[in-house]
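Working notes, structure below.
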Amino acid sequence: MDDTIALFRPESDTRFSEKLTPYLAALSQRSAAIREMYRFNPEHETLPANLEVDLLNEKSSSPIFGTVRKYEGQLLVLLSYTCAANCRYCERQDRVGVGLDVEGRLRTEQIDQIVEYIRQDPTIYEVIASGGDPLTNPKGLQYLFARLSEIEHVKVVRIHTRYPLQNPERVRLELMEELARCKPTVYLSLHIDHPDELQPEVIALIQAFRRMGFVMLCQSVFLKGVNDDKETLKRLFLQLFELGVRPYYLYHGQEVTSTRRFVMTLEEEIAIVTALRNELSGLAFPQHVIDIPGASGKVVVPSDHWQSDTALVTDFNSKTVRTRDWSAVPA
Ligand code: SF4
């Protein structure tokens, strides 16, 4: 899945570079959301990427090069620090798109060391291929999955990617079919933030991935100026639901060097999530979570259905009841 990339670096290489595919460049002409997500914004992006930051404790939770281990039973493998395009709100911009691209892909011998680490630890039952974008290292991904298929205690594998939304014409279906057969259960999680990303080419790919047998998931992040309203997210989640893609996480956006303009307050997010819960099927409704900076764990954010103490709860139609006996509170 080699890329043909339209690439622009600002004068200083230490700022998070603009990088997008010809496909996204064309799409950005007709979508304000795509422009906001991918176009370098000199007004807001004035600071160099902070290469020292460890926002999500990933660098300090790396038992072996190219991995992150924060949760029981899981190992994250960062197969590539390259992406087909650079999202302006990327929380890994200390590693992605700041000049690490050339050496940013794990090599076979490094993958061998990771596989050996996994083989020796029978508590690891789930391996997640991430990055950057693991589909920008197709040989590495193919090799990792082939090796994992031999390890009995790894029951589930997962791929996290935005590549199909950024470079849909270059997705190699034969490789994807091979990856889908690695284990009985292979999850494919797409990161999608706006309905404009679900173009006909992308929908066709999602349908093909489903036929291959992937269990399809989607994670999203709140982005001011992109999806900070209920109707946009409702359209997105309903469309995904219809396509057989389960929205599973909706993240609170984090603040790193150039992402400040995208960050919403938790209160703004909670108001939207509460309204969405009132209107969406449970299967179309993702968990609103916050990856607490400097801590570990994706903590579920409570909706406004709960009052400040749990003695009262407000239902989908704004009716408040007592949780002890479920009786209505007089208005
Ligand atoms: S695809 Fe993911 S890792 Fe790559 S730039 Fe976008 S948010 Fe960052």
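The values are calculated or read from the model by the stated rules, or taken from the named source; none is laboratory data. For clarity, every value in this text was computed on a predicted model and none was experimentally measured. FYI the Cβ positions are ideal-geometry reconstructions off the backbone, even for glycines, and counts take in every protein chain you see. All accessible areas refer to the heavy atoms of the entire protein, side chains included, with ligands and DNA or RNA removed. Shrake-Rupley method; radii C 1.70, N 1.55, O 1.52, S 1.80 Å.
For the reader, a short list of remarks on this structure follows.
- Close contacts from the stretch 216-236, counting a first residue that is surrounded by fewer than 22 Cβ atoms within 10 Å (Cβ to Cβ) and a second that is acidic (Asp, Glu) and assigned to a helix (DSSP H, G or I), with Cβ to Cβ under 9 Å and a gap of 6+ residues or different chains, come to 224/268; 225/36; 228/268; 228/269; 230/279; 234/279.
- Condition met for residue 152 (more than 14 Å from the ligand (Cβ to nearest atom), within 20 Å of residue 189 (Cβ to Cβ) and open to solvent by 70 Å² or more (accessible area, probe 1.4 Å)): no
One line per residue, one yes/no per condition, for (1) touching a residue at least 40 places away in the same chain (Cβ under 8 Å); (2) farther than 30 Å from residue 18 by Cβ; (3) loosely packed, with under 14 Cβ neighbours inside 10 Å:
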{"site": "246", "(1), (2), (3)": "no, yes, no"}
{"site": "265", "(1), (2), (3)": "no, no, yes"}
{"site": "274", "(1), (2), (3)": "no, yes, no"}
{"site": "285", "(1), (2), (3)": "yes, yes, no"}
{"site": "312", "(1), (2), (3)": "no, yes, no"}
{"site": "320", "(1), (2), (3)": "no, yes, no"}
{"site": "328", "(1), (2), (3)": "no, yes, yes"}
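- Any hit, the stretch 67-78, residues being closer than 30 Å to residue 196 by Cα, within 11 Å of the ligand (Cβ to nearest atom), open to solvent by less than 30 Å² (accessible area, probe 1.4 Å) and not small (Gly, Ala, Ser): yes
- Screening the candidates 165, 100, 173 for the property of being within 16 Å of the ligand (Cβ to nearest atom), more than 18 Å from the chain's Cα centre (by Cα) and either within 30 Å of residue 45 (Cα to Cα) or at pLDDT 95 or above (or both) yields one hit, 100.
- Residues satisfying the stated conditions in the stretch 281-307, i.e. within 17 Å of residue 219 (Cβ to Cβ) and either in a strand (DSSP E or B) or more than 21 Å from the chain's Cα centre (by Cα) (or both): 287, 288, 289, 290, 291, 298, 299, 300
- Per-region count, the stretch 117-136, residues part of a loop (DSSP other than H, G, I, E, B) and either free of Cβ contacts under 8 Å to residues at least 40 places away in the same chain or within 10 Å of the ligand (Cβ to nearest atom) (or both): 5
- Considering the conditions (1) within 20 Å of residue 38 (Cβ to Cβ); (2) within 16 Å of the ligand (Cβ to nearest atom), residue 140 is excluded by exactly one of them, (1).
- Residue that is in contact (Cβ under 8 Å) with a residue 24 or more places away in the chain, in a loop (DSSP other than H, G, I, E, B) and under 25 Å from residue 167 (Cα atoms), where the choices are 91, 36, 52, 72: 91
- Selection status of residue 213, over 30 Å from residue 274 (Cα atoms), more than 16 Å from the ligand (Cβ to nearest atom) and assigned by TED's automatic domain parsing to the domain that holds residue 268: yes
Residues checked against (1) among the acidic types (Asp, Glu); (2) modelled with pLDDT of 95 or more:
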{"site": "239", "(1), (2)": "no, yes"}
{"site": "245", "(1), (2)": "no, yes"}
{"site": "257", "(1), (2)": "no, no"}
{"site": "267", "(1), (2)": "yes, no"}
{"site": "270", "(1), (2)": "no, no"}
{"site": "283", "(1), (2)": "no, yes"}
{"site": "287", "(1), (2)": "no, yes"}
{"site": "291", "(1), (2)": "yes, no"}
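- Of the residues making up the stretch 168-180, at least one is among the small types (Gly, Ala, Ser), touching a helix residue (DSSP H, G or I) at 6+ places or on another chain (Cβ under 8 Å), part of a helix (DSSP H, G or I) and without any contact (Cβ under 8 Å) to a residue 40 or more places away in the chain.
- The single condition among (1) open to solvent by 30 Å² or more (accessible area, probe 1.4 Å); (2) more than 25 Å from residue 24 (Cα to Cα); (3) charged (D, E, K, R) that residue 183 does not meet is (1).
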